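Asker: One structure coming up, written as structure tokens, with questions to follow.
Any read-out appearing in this document is the output of simple, stated calculations on the displayed coordinates, not a laboratory observation. Predicted model, so just to flag it, every value in this text is computed and none were measured. All Cβ positions, glycine included, derive from the backbone under ideal geometry; neighbour counts span all protein chains shown.
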Amino acid sequence: YGDITPQTHCGRVIVILIGLSGVFSTALIFGIIIQKLELNRSQTAVHKFIVLIGLSKEHKHQSANIVKFSIKLWHLRYICRRNGDRSVDRNANT
């Protein structure tokens, strides 16, 4: 908190050097950690490929769900028309 400070020029220089070495060592440690966590070029390509495969699968599932719903809706309308019930047919249009 500033209670104890170096009084001589030599002491102040030592404190400045210790502070700068702390800043540089912290930057060096973070640089090494970030470099280890960073994906290289081939790993990035594999990651993008896997994400695209997942999206492709999701699109296929959604398309299949739309087709299934359309078939169910067509079947419901077909049964209702065969039985002569027009109220369900009107509700299906909304």
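Asker: Rounded if a/c is under 1.5, else prolate if a/b beats b/c, else oblate: with a ≥ b ≥ c from the C-alpha gyration tensor eigenvalues square-rooted, which is the chain?
Answerer: Taking the square roots of the gyration eigenvalues as a ≥ b ≥ c, the chain is oblate.
Asker: Then there is this: What is the count of Lys pairs in the chain whose alpha carbons sit under 26 Å apart, if the two are 8 or more places apart or on different chains?
Answerer: Number of lysine pairs found: 7.
Asker: I would also like to ask the following. Compute the distance in nm between two label points, each set 7 Å from the Cα along the Cα-to-Cβ direction, one at residue 48 and one at residue 60.
Answerer: Those two pseudo-labels are separated by 2.2 nm.
Asker: Now for a separate question. By the gyration tensor of its Cα atoms, with a ≥ b ≥ c the square roots of the eigenvalues, what is the shape of region 31-76: rounded for a/c under 1.5, prolate for a/b over b/c, or oblate?
Answerer: Prolate, because a/c is 1.5 or more and a/b exceeds b/c.
Asker: How far apart, in nanometres, would the label points at residue 33 and residue 78 be if each is projected 7 angstrom from Cα along the Cα-to-Cβ direction?
Answerer: 6.3
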